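Reading through the structure tokens given below for one structure.
The values are calculated or read from the model by the stated rules, or taken from the named source; none is laboratory data. Quick caveat, the model's predicted, so the values are computed rather than measured. We place every Cβ from the backbone using ideal geometry, glycine too, and count neighbours over all the protein chains shown.
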Amino acid sequence: MSNLLFASPGIEADEQDSIRENIDAAWASGLNISQIDIVDLASAAFALLSEEWRPRLLREIGTELDNRADHTHRRAWHDLLSNISAGTDHD
């Protein structure tokens, strides 16, 4: 493995220096690590999907949440989709 994309909901301020040091050490040993906010990654990926794949992605995410997530995450997903289908702003 020579490339790793690390997607997370963000990095806590008190962890930034430590994570940066780890990324730099990995890079020095030949591993290319990139970090991106998971929301930014999901937004970009969704924008690049064709119209036929967007509903499928939403269904797949819902299925994974049903199988693996606790109720608060499933509820947040439900609320997000409800806002999208109702045409309301979810930001």
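Close contacts from segment 65-91, counting a first residue that is part of a helix (DSSP H, G or I) and a second that is modelled with pLDDT of 80 or more and among the acidic types (Asp, Glu), with Cβ to Cβ under 8 Å and a gap of 6+ residues or different chains, come to Arg74/Asp66.
When Ile23, Ile36 are screened for being in the same structural domain as Leu5 (by TED's automatic domain parsing), in a helix (DSSP H, G or I), aliphatic (A, V, I, L, M) and touching a Phe, Trp or Tyr at 6+ places or on another chain (Cβ under 9 Å), only Ile23 passes.
For segment 41-64, filtered to residues that are part of a loop (DSSP other than H, G, I, E, B) and not acidic (Asp, Glu), the residue that is farthest from Pro9 (Cα to Cα) is Ser50. Glu15 meets the conditions (1) under 15 Å from the mean Cα position of the chain (by Cα); (2) in a helix (DSSP H, G or I) in every case but one. The failed one is (1). Within segment 23-43, the set of residues being more than 22 Å from Ile61 (Cβ to Cβ), exposed (fewer than 12 other Cβ atoms within 10 Å of the Cβ) and within 22 Å of the chain's Cα centre (by Cα) comprises Ser34 only. Scanning segment 45-55 for residues that are at pLDDT 90 or above and surrounded by 11 or more Cβ atoms within 10 Å (Cβ to Cβ), we see that the one that is nearest to Ser2 (Cα to Cα) is Leu49.
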